[in-house]
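A.B. asks: Would you mind keeping the following structure in view while I ask a few things?
The values are calculated or read from the model by the stated rules, or taken from the named source; none is laboratory data. None of the values given here were measured: they were computed from a predicted structure. Positions of Cβ are generated from backbone atoms using ideal geometry, with glycine treated the same way; all protein chains shown enter the neighbour counts. The protein model used for the area step is the full one, side chains on, heavy atoms only, and it has no ligands, DNA or RNA in it. Shrake-Rupley method; radii C 1.70, N 1.55, O 1.52, S 1.80 Å.
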Amino acid sequence: NNGFKVVNVGIKAGLDTFIDKLQEHNAHAIGMSGLLVKSTAVMKENLEELQRLGIKVPVLLGGAALTKNFIDDYCRPYYDGPIFYCRDAFDGVVSMQRIEAGDANNTALAADLIKIIDTSDRVEEEAVEIPPYEEIPLPEKGTFTFPPIWDRIAKTGAKLDKELIFKWINHRVLFRQRWGYKRGKQDSETFLKYEKDVVEPTYQALKAELVDKDIFDPIAIYAYYPCISHDNKLYIFDKKYLFNSLEESKNVPPLSEAIKVLEFPRQKRKPFRCIADFFANDRLDVVAFTLASAGLKISDYERSIYDKGEFAKYYQVHGLGVELAEALAEVLHKQIRLDLDIVPKEGHTLNDVQMKQYVGCRYSPGYAACPDLAMNRDIFDLLNPEEFGIELSETFQMHPEQTTCAIVVT
Ligand code: B12
């Protein structure tokens, strides 16, 4: 905290909590962080409310989903107090130093300074004309396939092979991105030795702790549904239309009977494709949905470590939890490839960890190919993870945090 006292109001805190803490501690600034685009909308609402209440305290904003343009266009005009756009924690320190020095109105940080040199970042998006469906070159469809079982499969805790999930963890991502171990000025040999002698044992100890204390209590759910595509939409049908042969897949129900219609944006450049194009449009096809969670206990555990002031460990547990959710999502995706027998270039067991060059893709709502976070709701309706305590907020954020859901394209 570089000499500044930080009061953590926790995640998904309401504005009331911010204001209470602001007054209780006579704080010099408020900081808000938004991971998902929806949480940035909440920031804007909070600023409007602060303005309405006549509060003009400096506000520091950050988080993966936030952009400079969002702050300039949707935050600054609605709030009279200073707003600092913090791309990283260091920007946070600089902001606080300026506030302390009485220079709070100097809000230009790294991201804003770029604007002074380059003002072209808000180039209007060129209007592209997307050709009619009939003119879009559709991708070659994979071989006809269907799953061995169409029922939803849900496994939790002891029913899942935890060792297997750990095996799917990408150590490079965990160590370097989540835990922030960087080579810096060290030569590569010294850094690799450090990773082997210090970081790897830290990982092994944490892994043992999470397993022995039963804190890692994963939840895995996936299901297959019959579907058909038309243009940029994917029509999902009830299991009563499942098929077990090519012949049966030709019995397509009327589109009006679809239980869900998922819409995907087309690319704005050639070949103008979208996710729906990768499913059959002349017979029923199979689509899989997955939900992977590191479980309900990790967040509480993280919080308890945080409360003890063990910040480095807190950071490591959080990073490992995140990567466990990702690893479980990879395991589920591999299970789907095995079920559908689309493993031409990889081993035929879950133990064969292959992160690249596999057939098919896993897309999570909120990412570019399916940007609408509301699709999380559709996936929840199809997988019903609420049964295992996993919730979706009104702003489509999943709880517990270390949870991810996806549509799997074969
Ligand atoms: C790891 C990760 C996950 C993990 C863990 C998420 C978590 N809760 O920790 C998992 C795999 C679980 C996950 C799931 C999802 N994710 Co995700 N995820 C990421 C990823 C790769 C990194 C996020 C992260 O933890 N970064 C590390 C932290 C420390 O960085 P940071 O938040 O940016 O904060 C830094 C700065 O921004 C700044 N900062 C932040 N806040 C503040 C505040 C103040 C006051 C200050 C001073 C500074 C500051 O300082 C920090 C340090 O530098 C990002 C992409 C990316 N590269 O950022 C996507 C990303 C956040 N995810 C995204 C999405 C869509 C999802 C899902 C919705 C996908 C899905 N449908 O399953 C879910 C949502 C999960 C949920 N609980 O609802 C999108 C969000 C965009 C959007 N549309 O809203 C992102 C941006 C990816 C993308 N490019 O599209 N995700």
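A.B. asks: Between R183 and D282, what is the label-point separation in nm under the 7 Å Cα-to-beta-carbon projection?
C.D. replies: The two pseudo-label positions are separated by 5.1 nm.
A.B. asks: Another question about this same structure. Please report Rg over Rh for the range 133-282, where both radii come from the alpha carbon positions and Rh follows the Kirkwood definition.
C.D. replies: Numbers: Rg = 23.0 Å, Rh = 20.0 Å.
Ratio value, two decimals: 1.15.
A.B. asks: Most fluctuating residue of I215, I19, I236 in a GNM of the chain with Cα springs under 10 Å: which is it?
C.D. replies: I19
A.B. asks: What percent do you get for the relative contact order of the range 345-395 when only Cα pairs under 8 Å and 6+ apart count?
C.D. replies: Numbers: 21 pairs, mean separation 9.0, N = 51.
Rounded, it is 18 percent for the range 345-395.
A.B. asks: Let me ask something additional. With θ taken as phi - 60° and the coefficients 6.51, -1.76 and 1.60, list the Karplus ³J(HN,Hα) couplings across the range 312-321 in order, rounded to whole Hz; mark glycine and proline as x.
C.D. replies: After applying 6.51 cos²θ - 1.76 cosθ + 1.60, I find 5, 5, 4, 4, 6, 5, 4, x, 5, x Hz.
A.B. asks: Taking θ = phi - 60°, what integer Hz values does the Karplus form 6.51 cos²θ - 1.76 cosθ + 1.60 yield along the range 249-259, in sequence order, with x for Gly and Pro?
C.D. replies: Computed from phi, the couplings for the range 249-259 are 5, 7, 7, 8, x, x, 4, 5, 8, 4, 7 Hz.
A.B. asks: So if we plug the beta-carbon distance of W150 and R303 into 1/(1 + (r/R0)^6) with R0 = 25 Å, what FRET efficiency do we get, rounded to 0.05?
C.D. replies: 0.05
A.B. asks: May I pose another question? As an exercise, use a Förster radius of 41 Å and the Cβ-Cβ distance of D73 and V211 to find the FRET efficiency, rounded to the nearest 0.05. Kindly include the intermediate steps, with their values, before the conclusion.
C.D. replies: Working: r = 47 Å, r/R0 = 1.15.
About 0.30, to the nearest 0.05.
A.B. asks: Given the protein chains as shown and a 1.4 Å probe, how many square angstrom of D238 are accessible, to the nearest 10?
C.D. replies: Rounded to the nearest 10, that gives 60 Å².
A.B. asks: From the backbone phi of the range 376-387, what are the Karplus-calculated ³J(HN,Hα) couplings (6.51 cos²θ - 1.76 cosθ + 1.60, θ = phi - 60°) in whole Hz, Gly and Pro given as x?
C.D. replies: Result, ordered by residue: 4, 4, 4, 5, 4, 4, 7, 10, 6, x, 4, 4 Hz.
A.B. asks: Between the DSSP loop rule and a limit of at most 16 other Cβ atoms within 10 Å, which GluC sites (Glu not before Pro) in the range 287-357 are left?
C.D. replies: Details: sites: E302, E310, E323, E326, E330, E346; in loops: E310, E346.
Loop-located and lightly packed - E310.
A.B. asks: What FRET efficiency would be calculated for the residue pair D161, Q354, taking the C-beta separation as r and a Förster radius of 22 Å, to the nearest 0.05? Mind dumping the intermediate values first?
C.D. replies: Values: r = 17 Å, r/R0 = 0.79.
About 0.80, to the nearest 0.05.
A.B. asks: Points 7 angstrom from Cα along the Cβ direction at F311 and K239: gap in nanometres?
C.D. replies: The answer from the label model is 4.9 nm.
A.B. asks: In nm, to one decimal, how far is the modelled label at R269 from the one at E134, with both set 7 Å along Cα→Cβ?
C.D. replies: 2.9
A.B. asks: What figure, in Å² to the nearest 10, do you get for the accessible area of R176 with a 1.4 Å probe and non-protein molecules left out?
C.D. replies: Rounded to the nearest 10, that gives 60 Å².
A.B. asks: Kindly provide the helix-only [θ] at 222 nm of the chain, computed as the sum of -39,500 (n - 2.57) over DSSP H runs of four or more divided by all residues, to the nearest 500 deg cm²/dmol? Don't jump to the answer; show the numbers that get you there.
C.D. replies: On the way: 11 runs with 125 residues, N = 410.
Value at 222 nm, helices only: -9500 deg cm²/dmol.
A.B. asks: Now for a separate question. Taking Cα pairs under 8 Å and at least six residues apart, what relative contact order does the chain come out at, in percent? Don't skip to the end; give the middle numbers.
C.D. replies: Numbers: 572 pairs, mean separation 60.8, N = 410.
About 15 percent, as a whole number.
A.B. asks: Taking the Cα atoms of the range 130-410, what is the range of coordinates along each of the three principal axes, in descending order and whole Å?
C.D. replies: If we take the Cα atoms of the range 130-410, the spans are 58, 42, 37 Å.
A.B. asks: With every protein chain present, what accessible area does T404 have (1.4 Å probe, heavy atoms only), rounded to the nearest 10 Å²?
C.D. replies: Answer for T404: close to 20 Å² accessible.
A.B. asks: Between G63 and residues 5 or more places away or on another chain, which pairs have amide H atoms under 5 Å apart, with H built 1.01 Å from N, and which residues are they?
C.D. replies: Here G34 satisfy the definition.
A.B. asks: Follow-up question, since we're still on this one. In debye, nearest 20: dipole of the range 197-266 around its Cα centre with unit charges on the Cβ of K, R (+) and D, E (-)? Each step should come with its number before you reach the end.
C.D. replies: Working: 8 positive and 12 negative charges, 99 e Å.
Charge dipole of the range 197-266: 480 debye, to the nearest 20.
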